[in-house]
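Heads up, the thing below is written out as C-alpha cells.
The values are calculated or read from the model by the stated rules, or taken from the named source; none is laboratory data. What you see is a predicted model; the values in this text were computed from it and never measured. Neighbour counts are summed over all protein chains in view; Cβ atoms, including those assigned to glycine, are modelled from backbone coordinates with ideal geometry.
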Amino acid sequence: MPLTEPQKRHLRKLAHSLKPVIILGNAGFSEGVANELETTLEHHELIKVRVNAADREERDALIATICEAARCELVQRIGHIAILYRAAKKPVIRLP
C-alpha cells in the first residue's frame, strides 16, 4: 500500500531522531543483510538505512532493491540515508 503525503510527513517526523541501524557497505545487498533487514523492520517498523555507494544511480538502485526485497515503503531519501517503513503484524506506529 503506497503511503500518502501526510503519512510520509508523519513518519519523517518520527524518524528525525533515529540513527541508521543498517549500513550497506561495498559488499552491497546480501542474504545476511536481507535477514537483518527483515528482523529489524518487524521489530521497529520505521528504520534508517545508510547506503555507502559512490554515485546516485547506484544508491537509488540499491534502495529500490531493498524496498522490493523487504516489501517496505521508502519514506524519504537524503544523500546516503534512506528511511524505510513497513507496518508490523501488530503495528505500534499509528498513521494518520
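I'm trying to understand the selection: among the residues of segment 4-36, which are at pLDDT below 90 and assigned to a loop (DSSP other than H, G, I, E, B)? If the condition is that a residue be at pLDDT below 90 and assigned to a loop (DSSP other than H, G, I, E, B), then G25, N26, A27, G28, F29, S30 are the ones that fit.
Of the listed requirements (1) assigned to a strand (DSSP E or B); (2) surrounded by 16 or more Cβ atoms within 10 Å (Cβ to Cβ), R59 misses just one: (1). Applying the criterion of being in contact with a strand residue (DSSP E or B) (Cβ under 9 Å, 6 or more places away or on another chain) and basic (K, R) to the residues of segment 54-93, the residue that is nearest to L41 (Cα to Cα) is R86. Cβ separations smaller than 8 Å between residues 6+ apart or across chains give no pair from segment 1-27 residues that are without any contact (Cβ under 8 Å) to a residue 60 or more places away in the chain to residues that are surrounded by fewer than 10 Cβ atoms within 10 Å (Cβ to Cβ) and of a type in the set (K, R). Residues in segment 1-31 that are farther than 13 Å from E45 by Cα and in contact with a helix residue (DSSP H, G or I) (Cβ under 9 Å, 6 or more places away or on another chain) were compared, and the one that is surrounded by the most Cβ atoms within 10 Å (Cβ to Cβ) is L24. Summed over segment 44-75, residues that are free of Cβ contacts under 8 Å to residues at least 12 places away in the same chain and closer than 14 Å to A87 by Cβ total 0. I'm checking my understanding of the structure. Among residues of segment 37-56 that are part of a strand (DSSP E or B) and touching a helix residue (DSSP H, G or I) at 6+ places or on another chain (Cβ under 8 Å), which one is surrounded by the most Cβ atoms within 10 Å (Cβ to Cβ)? Checked segment 37-56; the qualifying residue surrounded by the most Cβ atoms within 10 Å (Cβ to Cβ) is V49.
Return the residue satisfying two criteria in turn: it lies in segment 77-96 and is over 19 Å from E38 (Cα atoms) and either in contact (Cβ under 8 Å) with a residue 60 or more places away in the chain or assigned to a strand (DSSP E or B) (or both), and of such residues it is farthest from the chain's Cα centre (by Cα). Explain how you work it out, then say what you get.
From segment 77-96, those over 19 Å from E38 (Cα atoms) are 77-80, 94-96; that's our starting set.
When the remaining residues are screened for being either in contact (Cβ under 8 Å) with a residue 60 or more places away in the chain or assigned to a strand (DSSP E or B) (or both), the result is 77-78, 95-96.
Working: R77: 9, I78: 12, L95: 16, P96: 19 Å.
Going through the qualifying residues, I end up with P96.
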